[in-house]
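Just below is one structure, and these are the notes that go with it.
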Amino acid sequence: MQQPSCCSLLPHAGKIRLKDLTGPGGGGDKPVEGTMNRGFNLSGCFEVGTSGTADNIWMGHIDDKTFSFIKSLGCDVVRVPMQFGQFITSKTDFTLTKTYWDRLDTLLDLGEKYGITVIIDNHQWKYCDMFPADHALSFLQSIWRQVAEHCKDRDYCVYEILNEPDGTWWRNHWGETQELVLKAIREIDTRHDVIVTPAPYGTIAQLPDYDDDHLIYTIHTYEPFVFTHQGAEFSGLQNVKLHFPYDPEKDDLTVAVSSSSNREALQNYATTGTEEYIRSVIDKELAEVQRRGARLYVGEFGVACYNMDDKAFRKEFKESRNRWHKCMVDYMKEKNVAWTLWTFAMDFGIFYNYWSAYLDYVADLNVGLVQALGLNVPEGAVDEPDVDPTPDDRPKVEQNWMIFTDSMQDSWQLGGTEGKYGISDAFASEGSKSIEWVLDASGSWARILTMELPSNMDISGYSKFCFDIRYENSTFEPTWVTFQNRMYGSENSEMFFNVNAPEDGGWHTVEMPLEDFRSQTGSDQWKKFKTFCFHTTGWNGGTAKVYIDNVRLVKLVPAE
């Protein structure tokens with residue numbers, strides 16, 4: 001990515017400060033308050049999936065608790081990925097909705113309150129497919145004119161035109177497209193920095209020399225990929241166990257991986273698994289940015305935590321992961337490069353309990369990683385013990401992680417057979433809406449409803465999956481098992497729990513103890529869970545409208 005337009009990042013007492021560009025447009029020569037040195041990506045908040053809207057923005061990390069905690073760590077910036085294509089009123093006029101502006105203002109108010117710069121990060125794929133007429137240029141110009149108008153008098157915020165532009169067209173034409181969007185912003189707002197980026201697989205040197213003296217150039221680095229994504233099934237590296245730096249006595253570079261590119265990268269790890277190599281990735285772009293008289297910002301970097309689930313390798317992996325982060329952060333500090341870790345929570349984040357719901361920011365904190373990042377360790381935070389803790393015999397109460405109540409919660413996404421599901425106000429067991437699932441006579445494999453997380457997570461601490469259900473206009477026989485609940489987890493395992501159709505009308509509460517799910521393939525555990533999948537069983541020709549509400553995972557926690 002690249003460097004902000006109206007506000008330059010200038011070193012001052014070892015920090016990068018936002019500075020005003022004088023000229024026409026928002027704010028005259030009033031400086032923009034704020035610094036931008038180190039922080040986190042708050043992913044999963046304004047990312048709502050391809051079927052979501054601004055109503056689905058999750059504010060769980062857009063709150064005082066999170067911002068005060070991030071400030072206490074010694075951070076001064078958060079990058080907030082946003083799917084602007086989901087926040088417009090239509091695909092023709094590109095007007096951003098009132099709900100989006102309300103959520104954005106809450107976010108920016110928090111930034112100003114805590115002195116944390118907010119990067120408004122346009123973070124969505126396939127815009128050229130969504131707006132093909134002019135390869136999404138009009139869309140990008142429109143949304144950024146609106147954001148510039150709305151934010152031109154704000155402090156503590158920066159604009160990022162687009163995260164990792166994708167597709168063949170932008171790979172060949174991104175430099176000039178970005179320039180046209182930048183000019184649209186500058187027609188309205190000359191106060192705020194704008195982050196610009198090369199296209200993926202491109203370099204900053206391939207970009208035009210923009211006629212804007214105050215840009216922040218950005219890059220992402222996860223090098224070497226075979227180390228930072230080891231253990232990840234989605235990358236085909238689930239069998240990889242590597243140390244950092246490379247350890248010739250312990251690192252097996254011959255394990256099975258999913259592709260020829262992964263095989264080549266693994267074989268090269270003796271060369272790439274070094275401090276010198278990961279520094280060279282930054283040096284390559286830093287030299288060009290300095291030639292342009294600008295500043296460099298590493299918007300994403302990090303190591304996934306998947307190999308933390310391997311008890312035999314956990315301690316060595318933790319130490320290697322911390323060394324990689326320390327090498328990166330120390331070098332960026334030396335070179336005065338700003339950074340935001342990918343991510344705050346979830347699989348690349350700073351917590352052992354790496355999902356965003358119900359985090360205890362102190363008890364769940366990975367203290368060793370926080371120290372490696374050069375951040376402050378909160379009072380009372382201690383790293384996990386080397387041995388399992390003694391059993392907790394305190395009285396327990398149930399705590400719910402809500403998946404659906406009037407809308408999909410947290411980062412859960414609703415999916416299924418095209419045109420067969422949606423959110424309806426026809427019935428509700430609680431609140432005003434429920435999920436409507438239409439079962440027709442097209443056969444069991446065409447009748448599917450999913451509730452899915454963006455990536456695998458450990459839900460082994462939860463005890464049961466619960467929801468309320470009702471059938472309307474059903475032609476099913478009461479004795480038929482009308483749907484199953486599938487869990488897709490590690491190694492593509494599938495775990496089943498069968499439920500019978502209710503014999504009478506109205507709402508019914510279903511409780512599915514996780515320990516009672518039965519595995520068809522793979523392992524019978526919940527360490528790498530991703531999807532709940534409802535589907536009818538057998539080739540039952542019955543029809544119905546099914547309503548599902550109050551969907552939740554339940555865990556037992558100590559009573560207050």
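All of the numbers you see were taken from the coordinates with simple rules; none came from a lab. The shown structure was predicted, so the numbers you read here are calculated from the model rather than taken from an experiment. Positions of Cβ are backbone-derived with ideal geometry, glycine not excepted, and every protein chain shown enters the neighbour counts.
Working from Cα pairs under 8 Å separated by at least six residues, relative contact order for segment 64-154 is 34 percent. Which net charge results when you count Lys and Arg as +1 and Asp and Glu as -1 among the other residues whose beta-carbon is under 13 Å from that of Glu285? Around Glu285, the surrounding residues sum to +3. Going by Cα centres, segment 218-290 and segment 98-172 are how many Å apart? Measuring centre to centre over Cα atoms gives 31 Å. Remark: the Phe234-Glu319 segment gains 28.2 nm on full extension, using 0.36 nm per residue and subtracting the alpha carbon distance. Magnitude of the charge dipole for segment 261-394, about its Cα centre and with charges confined to Cβ atoms of Lys, Arg (+1) and Asp, Glu (-1), is about 740 debye.
One decimal place: the segment Glu276-Trp101 gains 58.6 nm when fully extended, by the rule 0.36 nm per residue minus the C-alpha distance. For Asp211, the shell of other residues with beta-carbons less than 15 Å away shows a net charge of -3, using +1 for Lys and Arg and -1 for Asp and Glu.
For Tyr297, the residues 5 or more places off, or on other chains, whose built amide H falls under 5 Å of its own are Tyr217, Thr218, Ile219. Taking amide H as placed 1.01 Å from N in the peptide plane, the amide H of Ile423 sits under 5 Å from that of Glu436, each at least 5 places away or on another chain.
The convex hull built on the alpha-carbon positions of segment 157-215 has an orientation-averaged projected area of 4.0 nm².
In this structure, the residue pairs whose Cα-Cα separation is over 18 Å, taken from Lys284/Lys333; Lys126/Lys420; Lys250/Lys315; Lys30/Lys183, are Lys126/Lys420; Lys30/Lys183.
Under 5 Å between amide H atoms, partner at least 5 residues away or on a different chain: which partners does Lys464 have, H built in plane at 1.01 Å? Those qualifying (amide H under 5 Å, at least 5 residues apart or on another chain) are Leu514, Val554.
Applied to segment 197-203, the Karplus parametrisation 6.51 cos²θ - 1.76 cosθ + 1.60 on θ = phi - 60° returns per-residue 3J(HN,Hα) values of 9, x, 5, x, 6, x, 10 Hz, with x for Gly and Pro. Take every pair of alpha-carbon atoms less than 8 Å apart whose residues are at least six positions apart; their mean separation over the length of segment 31-108 yields a relative contact order of 38 percent.
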